[in-house]
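Written below as structure tokens is the structure these notes are about.
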Amino acid sequence: MMAGTIAIQQLVEQALALSTVDGCVVIGEEHFEANLRWAGNSLTTNGQLHTRQLTVISLVESADGTCAGVVSRAVADAAELAALVTASEQAARTASPADDVAPLIEPYPQDDDWNAPLAPAGIEVFSEFAPALGAAFAEAEAADRLLYGYAEHGVTSYFLASSTGLRRRYDQPTGRVELNGKSRDLSRTAWVGVQTREFTDVDVPALSAEVAKRLDWSANRVDLPAGRYETLLPPSAIADLMVYLYWTASSRDAEEGRNVFAAGGGRTRIGERLSELGLTLRSDPAEPGLECLPFQVTAGGGEESIFDNGAPTPPVSWISDGVLTNLYRTRNWAARTGAEPVAPIDNLVLDGAGTKSLDEMIAETDRGLLLTCLWYIRQVDPQTLLLTGLTRDGVYLIENGKVTGAVNNFRFNESPVDLFGRISEVGATERTLPREFNEGMARTAMPPVRVPDFNMSTVSQAS
């Protein structure tokens with residue numbers, strides 16, 4: 001889909017100028033994307049995508065409070081823009097008063113270049129990656145392995161303007177590679193993935209070698225019963241669990257008794273020690289390699305407020321040295337409860353000052369499991385954050401410091417909050433790609449961890 005030829009900055013300004021209500025916020029998003037897909041050691045498709053979307057948030061004051069109308073559409077010309085603004089204003093005039101009202105963000109010092117040209121993401125981003133992938137195909141074919149997967153790289157430019165005079169702009173590159181390896185008869189499978197900003201740091205030979213190693217491990221099959229096992233989780237696997245923990249870290253939900261961080265009586269568990277290890281879970285828009293939006297952009301929904309658009313997102317530690325220190329809260333909820341607002345941030349880092357690699361942790365394991373991938377993760381109980389899900393693409397048996405084979409898949413039942421307190425060892429933190437939740441949170445850095453009693457609740461027939 002091709003976006004219009006009018007500059008998106010111009011459309012954002014025009015939408016704001018068309019507004020006739022008491023307050024207005026306009027969000028423009030211009031997205032360029034390139035992708036490659038492959039199957040059976042052969043490139044199958046490649047493509048480029050260019051989309052544009054505008055969101056108009058109209059605010060109308062009434063005797064009962066402030067009413068908001070939020071409408072998002074693809075817009076290419078003046079007529080479509082006018083229709084969008086009208087629809088937003090009509091939605092506001094028929095809406096009930098919002099319960100998360102706060103003053104719109106006023107302008108503040110910042111150095112965004114509002115009028116800088118867009119930075120398209122074209123297929124040329126794969127100029128080094130594609131030849132390396134071709135070499136991996138040839139190597140896999142010679143070894144009787146099959147490679148499947150895809151690579152995506154996109155740049156989204158965000159433009160935010162409000163009737164207060166605030167203007168903010170940010171260009172967000174996001175890239176990921178997921179590589180599946182299979183034996184020729186499709187009986188064995190393995191997965192690896194990485195996230196990247198520019199594709200210049202993607203080591204295709206290393207990814208291919210890791211897949212090959214895991215497929216070789218799978219040549220020996222061992223069936224194990226359900227139970228609790230000492231388990232090593234690589235960075236990608238622990239990332240999926242920590243992302244779910246983070247997504248539920250709402251102060252309002254905790255104070256109203258609706259999530260695992262509730263302490264009863266309108267209190268939260270902030271200040272409670274969750275781990276005896278020095279584990280820190282944090283977010284920082286300026287984290288090297290994980291840079292992300294330094295201000296809030298939202299069309300509302302979930303635990304984010306449209307009134308917080310443009311609010312800065314400073315670094316925050318959610319868990320510091322094992323102690324729960326922050327939950328996110330809107331400015332409205334913060335004002336109601338006498339607390340400081342804390343904004344969600346689009347990256348997540350877990351660090352425990354460990355230095356060991358996953359291979360070193362394997363070498364120090366007498367007997368246990370290596371759990372490489374989680375999938376189909378679902379919440380069972382919000383009060384404990386009990387999650388269930390399946391293992392996929394590689395659960396391996398470790399004996400006397402070596403991987404000796406692949407085991408059957410399991411369904412697991414674990415609470416990431418409870419598990420956080422049972423982690424007995426952490427390795428070195430590294431950038432990683434969650435398997436299950438990478439579309440919602442691609443930017444993570446995690447260590448491999450050891451859990452002495454991971455709960456494999458039942459054997460799964462999934463393959």
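So how many residues does region 422-463 have that are of a type outside the set (Lys, Arg) and open to solvent by 40 Å² or more (accessible area, probe 1.4 Å)?
Residues that pass the stated criteria total 12.
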Residues of region 24-58 that turn out to be open to solvent by 10 Å² or more (accessible area, probe 1.4 Å) and either of a type in the set (Val, Ile, Thr) or more than 28 Å from Tyr150 (Cβ to Cβ) (or both), as a count: 3
The one condition in (1) open to solvent by less than 10 Å² (accessible area, probe 1.4 Å); (2) in a loop (DSSP other than H, G, I, E, B); (3) among the hydroxyl-bearing types (Ser, Thr, Tyr) that Tyr396 fails to fulfil: (2)
Count - residues of region 369-390 that are closer than 26 Å to Glu178 by Cβ and out of contact with any helix residue (DSSP H, G or I) (no Cβ under 9 Å at 6 or more places or on another chain): 5
Members of region 266-290 found to be of a type outside the set (A, V, I, L, M, F, W, C) and in a loop (DSSP other than H, G, I, E, B), listed by number: Gly266, Arg269, Gly271, Glu272, Ser275, Glu276, Gly278, Asp284, Pro285, Glu287, Pro288, Gly289
Candidates Ala91, Ala95, Ala76, Ala83, filtered to the one that is among the small types (Gly, Ala, Ser), in contact (Cβ under 8 Å) with a residue 40 or more places away in the chain, open to solvent by 20 Å² or more (accessible area, probe 1.4 Å) and outside any strand (DSSP E or B): Ala76
Selection from region 217-249 of residues that are open to solvent by 10 Å² or more (accessible area, probe 1.4 Å), of a type in the set (Asp, Glu) and closer than 24 Å to Tyr150 by Cβ: none
Selected residue (criterion: farthest from Asn309 (Cα to Cα)) from residues of region 100-146 that are assigned to a loop (DSSP other than H, G, I, E, B), in contact (Cβ under 8 Å) with a residue 24 or more places away in the chain and open to solvent by 90 Å² or more (accessible area, probe 1.4 Å): Glu128
Segments classed as strands (runs of 3 or more DSSP E), wholly inside region 403-447, with at least 2 members that are not hydrophobic (A, V, I, L, M, F, W, C): 410-414, 430-432
Single match in Ala254, Ala263 (criterion: assigned to a strand (DSSP E or B), modelled with pLDDT of 95 or more and either more than 22 Å from Gly322 (Cβ to Cβ) or hydrophobic (A, V, I, L, M, F, W, C) (or both)): Ala263
Unique match (being under 24 Å from the mean Cα position of the chain (by Cα) and modelled with pLDDT of 95 or more) among Leu224, Leu281, Leu215: Leu281
Residue match in region 362-381 (condition: in a loop (DSSP other than H, G, I, E, B), at pLDDT 95 or above, crowded, with 18+ Cβ neighbours inside 10 Å and acidic (Asp, Glu)): no
Sole residue being more than 27 Å from Ala343 (Cα to Cα), under 31 Å from the mean Cα position of the chain (by Cα) and among the hydroxyl-bearing types (Ser, Thr, Tyr), chosen from Ser42, Ser62, Ser58, Ser72: Ser42
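The values are calculated or read from the model by the stated rules, or taken from the named source; none is laboratory data. Everything numeric here is computed off the predicted structure, so don't read it as measured data. Neighbour counts are summed over all protein chains in view; Cβ atoms, including those assigned to glycine, are modelled from backbone coordinates with ideal geometry. Calculation scope for accessible area: heavy atoms of the full protein, side chains included, ligands and nucleic acids excluded. Shrake-Rupley method; radii C 1.70, N 1.55, O 1.52, S 1.80 Å.
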